[in-house]
Amino acid sequence: MPFSEVDFMINLEDTIGKNAGKIWKSLETDGSLKKNELIKKTKLKNDDFFSAVGWLARENKIYFDKDIIKIGETNLTHKIGTDAGMVWRVLDTWGEVDVLSICRLARIKESDVYSAVGWLAREGKMGGKKKTNKDNKTKFWLK
């Protein structure tokens with residue numbers, strides 16, 4: 001895996017797991033919340049929020065009721081699991097790929113890519129890095 005001084009590695013399992021914990025604690029403390037309220041309460045960026053949702057969905061711990069998120073058996077398995085399969089196939093074919101290219105190749109929205117990444121990270125299948133150079137791209141690959 002190419003690595004230069006302008007890149008830094010992301011420990012996806014630790015990072016996404018910690019963010020999933022923030023969502024879980026907020027839901028446990030405050031009960032069901034609207035998506036925007038939960039994002040505000042946890043202070044997560046959208047990509048961090050959606051990857052944590054994918055992690056929790058893979059653990060079968062959160063439920064979406066329209067725009068309300070609740071603790072409970074997930075109803076996201078079909079959507080996120082299907083997207084995770086598409087992201088996995090893109091990465092299996094192309095190797096290290098940036099998020100926008102994954103969107104284009106898998107034909108899914110950016111938020112869905114991040115949810116799929118969270119799902120795959122929970123399964124221990126993902127690696128990733130963020131660029132700190134001028135293009136500032138986040139890239140992922142399979143372990």
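For segment 75-84, a residue qualifies if it is touching a residue at least 12 places away in the same chain (Cβ under 8 Å) and loosely packed, with under 15 Cβ neighbours inside 10 Å, and the qualifying residues are 75, 77. Whenever a residue of segment 98-117 is farther than 22 Å from residue 56 by Cα, its partners that are not in a helix (DSSP H, G or I), lying with C-beta atoms within less than 7 angstrom and at least six residues away or across chains, give the pairs 98/137; 98/138; 98/139. Evaluated against (1) within 18 Å of residue 12 (Cβ to Cβ); (2) of a type outside the set (Gly, Ala, Ser); (3) in contact with a Ser or Thr (Cβ under 9 Å, 6 or more places away or on another chain); (4) at pLDDT 95 or above, residue 79 falls short on exactly one condition, (1). Taking the listed residues 36, 60, the one that is outside any helix (DSSP H, G or I) and either modelled with pLDDT of 95 or more or out of contact with any strand residue (DSSP E or B) (no Cβ under 7 Å at 6 or more places or on another chain) (or both) is 60, with no other qualifying.
Output the residues belonging to segment 91-107 that are assigned to a helix (DSSP H, G or I) and either over 12 Å from residue 139 (Cβ atoms) or out of contact with any Leu (no Cβ under 6 Å at 6 or more places or on another chain) (or both).
As a first pass, look at segment 91-107 and keep what is assigned to a helix (DSSP H, G or I): 91-94, 99-106.
Within segment 91-107, 92, 93, 94, 99, 100, 101, 102, 103, 104, 105, 106 qualify.
The values are calculated or read from the model by the stated rules, or taken from the named source; none is laboratory data. All values derive from a computational prediction rather than experimental measurement. Quick reminder, even Gly has a Cβ in these numbers, built from the backbone with ideal geometry, and neighbours come from all protein chains shown.
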